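Student: Encoded as structure tokens, here's the structure I'll be asking about.
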Amino acid sequence: MVDCIKQDLLSMPESTFISKKIFEPVPYIFKGNWDDYFSWKMDLSQKFNIDPSEIFITGSAALGVSLNPYKNFKLFDANSDIDISVVAPHYFEVAWHDLLYLNVERINEQMRVAIDDHRTRLIYWGTIATDKILPLLSFGMKWEKIIKDYKQTKYFQNHEIHFRIYKDMTAVRKYLSLSVSQCKAKLLGE
């Protein structure tokens, strides 16, 4: 599997790789079960009031292999988290507003560092990484319940679930392109 991913990285343009290997196929964690994947997307889209085409599983849960350049193509396993990308301009704007007016003096150091990362880097890329800041967002309690419920289900059980909110499809594609291009450069350098 790793060799196939590496070969695809080297042979495909980044945008094609992202579409063909991340956006379009049934994610690795669903073990090829299209019906279960489709049902899950429909369920989550109804909970978020967004279109199911705006929900993607990314990372090693999508490919079976991590594209984080620091993880050296680590295989998805029982300790891997599940990254869910949500393309939702409404939630992005609400989260941005929540972060903009947040009183950082009342939050712990870990959350403060995450807020600084959003202000200096992530929001530029059109993304909100909820893993460390979800409790600070006005819709955080609702999303935490969704995470808790999914952690009890067949495919997500015992995995940490992290949502990333993207302003639009360009933002999610550009953000994923960063990892893809770094992995490709790493392979070319070997």
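Student: Under a straight-distance cross-link criterion of Cα-Cα below 26 Å, which lysines are reachable from LYS6, leaving out those fewer than 8 residues away in the same chain?
Tutor: LYS20, LYS21, LYS31, LYS71, LYS74, LYS174, LYS184, LYS186
Student: Applying a 10 Å radius around every beta-carbon, put 72-79, 123-130, 156-163 in order of their mean neighbour count, most first.
Tutor: The peptides rank, most packed first, as 123-130, 156-163, 72-79.
Student: Kindly state, to the nearest 0.05, the FRET efficiency for SER53 paired with MET141, given R0 = 30 Å and r defined as their beta-carbon distance.
Tutor: 0.70
Student: Lysines near LYS132 by alpha-carbon distance under 17 Å, same-chain residues fewer than 8 away left out - which ones?
Tutor: Answer for LYS132, where 17 Å is the Cα cut-off: LYS142, LYS145, LYS148, listed by chain and number.
Student: So how much slack lies between ALA185 and GLN7, counting 0.36 nm per residue of separation and subtracting their Cα-Cα distance, in nm?
Tutor: Gain in length upon complete extension: 62.8 nm.
Student: So how tilted is helix 140-150 from the main axis of the chain? Cα-based, degrees 0 to 90, rounded to 10.
Tutor: It is inclined by approximately 40 degrees.
Student: Would you calculate, for the chain, the mean residue ellipticity at 222 nm contributed by helices, counting each DSSP H stretch of 4 or more residues as -39,500 (n - 2.57) and dividing by all residues, to the nearest 500?
Tutor: Calculated from helices alone, the mean residue ellipticity at 222 nm is -13500 deg cm²/dmol.
Student: Over 5 Å intervals from 0, what percent of Cα-Cα pairs in the chain sits in each interval?
Tutor: 1, 7, 16, 20, 19, 17, 11, 5, 2, 0
Read-outs throughout are calculated quantities, based only on the coordinates presented, and are distinct from any laboratory measurement. Quantities reported herein were computed from a predicted structural model and do not represent experimental measurements. Methodologically, a virtual Cβ is constructed for each residue, glycine included, from the backbone with ideal geometry; neighbour enumeration extends over all protein chains shown.
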